Amino acid sequence: MSLEKPLIHFRRVGKEYGSTVVLENINTRVKAGEFVTLVGTSGCGKSTFLKMLLGTEQPSSGSALFDGQPLAQEPGPDRGIVFQKYSVFPHLSVRDNVLVGLEFARSPWLGRLFGGARQTALAEVDHWLEAVGLTRASHQYPHELSGGMQQRLAIAQALIKRPRVLLLDEPFGALDPGIRKDMHQLLLKLWQEYQLTVFMVTHDLTEGFYLGTRLWVFDKTRHDTQAPERFGSTITFDLPLEKTGRSDLVAVESSLDESRRLAPAA
Ligand SMILES: Nc1ncnc2c1ncn2[C@@H]1O[C@H](COP(=O)(O)OP(=O)(O)O)[C@@H](O)[C@H]1O
Ligand SMILES: [Mg+2]
């Protein structure tokens, strides 16, 4: 076992909603700087896992530590999230959308920044717009942006809070393949430049293999056909990607096919 202190440490973590067991017995350690990609059939609890990391959901059992401390019971600036459907404000310009992210992180009670503080904040906003390639769109409104640009905006909004952990929930699922490739390059650049720890859910296994340093498969190890909600998913594959090859991709693919076959029809 590595002596390096993990950034994230889950021990026997479970999550239930009423009598529905979504996740069970999650045991894992993630070091700062890892890029974890998460795959698994629809409904197996991937978003729930991210929400626990974010702090909008709490584990029902077990221990979940962030930097040695119990995960905060609320979202904090150290964790930022990007969803598939863009989460920006339609009535604000690109620049103001990113500024709002900062205002909220800095002064959630006071809201707006004024004067010198606002000027400093705007310089920071412009830095992040440049980092995601949106400088020329800074005065446009979200409805004037393509899907890829909207996701760039959502990423800038998350990153301006300078989170250590970036959570991405199928962020490129709605984008065309060509645009996705650009987004992959952007994400890899940001991950390295800002030394982020990334957790990214994807339904595209190839994307998961390409981007991650580590890939997790979420799946049930126990099934009850009479009561499918009785057992939860856990991490059934944990692959260090630097060391793996194509044969692992095939193995994961067939395991996902198998669990789709077993899953009750949605
Ligand atoms: N707030 C909630 N209350 C009750 N059940 C929920 C809630 N959120 C998620 N679930 C259930 O948890 C399961 C996992 O959902 P989710 O984490 O969204 O899966 P995934 O992201 O892998 O598709 C689903 O069966 C879903 O219905
Ligand atoms: Mg989901």
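The values are calculated or read from the model by the stated rules, or taken from the named source; none is laboratory data. For clarity, every value in this text was computed on a predicted model and none was experimentally measured. Ideal geometry is used to build each Cβ from the backbone, glycine not excepted, and the neighbour counts take in all protein chains shown. Each accessible area value is taken on the protein alone, full model and side chains, heavy atoms only, with ligands, DNA and RNA left out. Shrake-Rupley method; radii C 1.70, N 1.55, O 1.52, S 1.80 Å.
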* Mind telling me which of the residues ASP96, ASP78 ends up being within 24 Å of the chain's Cα centre (by Cα), free of Cβ contacts under 8 Å to residues at least 40 places away in the same chain and surrounded by fewer than 19 Cβ atoms within 10 Å (Cβ to Cβ)? => ASP96
* Asked: Is it the case that some residue within segment 53-64 is within 15 Å of ARG11 (Cβ to Cβ) and under 16 Å from the mean Cα position of the chain (by Cα)?
  -> yes
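Can you name every one of the strands (runs of 3 or more DSSP E) wholly within segment 1-71 that holds 1 or more residues which are within 10 Å of ligand 1 (Cβ to nearest atom) and closer than 20 Å to TRP191 by Cα?
Working: elements: 8-17, 20-30, 35-40, 61-66.
So the answer is 35-40.
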* If you check every pair at least six apart or on different chains, which have Cβ atoms under 6 Å apart with a residue in segment 168-193 that is within 16 Å of ligand 2 (Cβ to nearest atom) first and a residue that is assigned to a helix (DSSP H, G or I) second? -> ASP169/SER47; ASP169/LEU50; PRO171/GLN151; PHE172/ARG180; PHE172/MET183; ALA174/GLY147
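Residues are listed down the side, and each one gets a yes or a no for (1) under 21 Å from GLY173 (Cβ atoms); (2) in contact with a Gly (Cβ under 6 Å, 6 or more places away or on another chain):
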{"site": "ARG11", "(1), (2)": "no, yes"}
{"site": "THR20", "(1), (2)": "no, no"}
{"site": "LEU23", "(1), (2)": "no, yes"}
{"site": "ARG29", "(1), (2)": "no, no"}
{"site": "GLU34", "(1), (2)": "no, no"}
{"site": "LEU38", "(1), (2)": "yes, no"}
{"site": "THR48", "(1), (2)": "yes, no"}
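Report yes if THR56 is open to solvent by 30 Å² or more (accessible area, probe 1.4 Å), under 16 Å from PHE218 (Cβ atoms) and of a type in the set (S, T, N, Q), otherwise no. Steps first, please.
Numbers: open to solvent by 30 Å² or more (accessible area, probe 1.4 Å): yes; under 16 Å from PHE218 (Cβ atoms): no; of a type in the set (S, T, N, Q): yes.
When the stated conditions are applied, THR56 does not pass them.
To keep it simple, each residue is scored yes or no on (1) touching a strand residue (DSSP E or B) at 6+ places or on another chain (Cβ under 9 Å); (2) of a type in the set (Lys, Arg); (3) at pLDDT 95 or above.
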{"position": "VAL132", "(1), (2), (3)": "no, no, yes"}
{"position": "GLN140", "(1), (2), (3)": "no, no, yes"}
{"position": "LYS161", "(1), (2), (3)": "yes, yes, no"}
{"position": "ASP169", "(1), (2), (3)": "yes, no, yes"}
{"position": "GLY178", "(1), (2), (3)": "no, no, no"}
* Asked: Regarding SER42, is this residue within 13 Å of ligand 2 (Cβ to nearest atom) and open to solvent by 20 Å² or more (accessible area, probe 1.4 Å)?
  -> yes
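Regarding THR135, is this residue β-branched (Val, Ile, Thr), open to solvent by 20 Å² or more (accessible area, probe 1.4 Å) and within 14 Å of ligand 1 (Cβ to nearest atom)? Reasoning before the result, please.
Numbers: β-branched (Val, Ile, Thr): yes; open to solvent by 20 Å² or more (accessible area, probe 1.4 Å): yes; within 14 Å of ligand 1 (Cβ to nearest atom): no.
Taking the combined requirement at face value, the residue does not satisfy it.
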* From the list GLN140, GLN151, GLN157, which one is open to solvent by 10 Å² or more (accessible area, probe 1.4 Å), under 26 Å from GLY76 (Cβ atoms) and of a type outside the set (Asp, Glu)? -> GLN157
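Check segment 102-118 and report whether any residue there is of a type in the set (A, V, I, L, M, F, W, C) and within 19 Å of ALA174 (Cβ to Cβ).
Quick first cut of segment 102-118, residues of a type in the set (A, V, I, L, M, F, W, C) only: 102, 104-105, 109-110, 113-114, 117.
Then drop every residue that is not within 19 Å of ALA174 (Cβ to Cβ), which leaves none.
Looking for residues that are of a type in the set (A, V, I, L, M, F, W, C) and within 19 Å of ALA174 (Cβ to Cβ), one finds none in segment 102-118, hence no.
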* Output for segment 143-162, where each listed residue is within 18 Å of LEU102 (Cα to Cα) and not in a loop (DSSP other than H, G, I, E, B) -> GLN150, GLN151, ARG152, LEU153, ALA154, ILE155, ALA156, GLN157, ALA158, LEU159
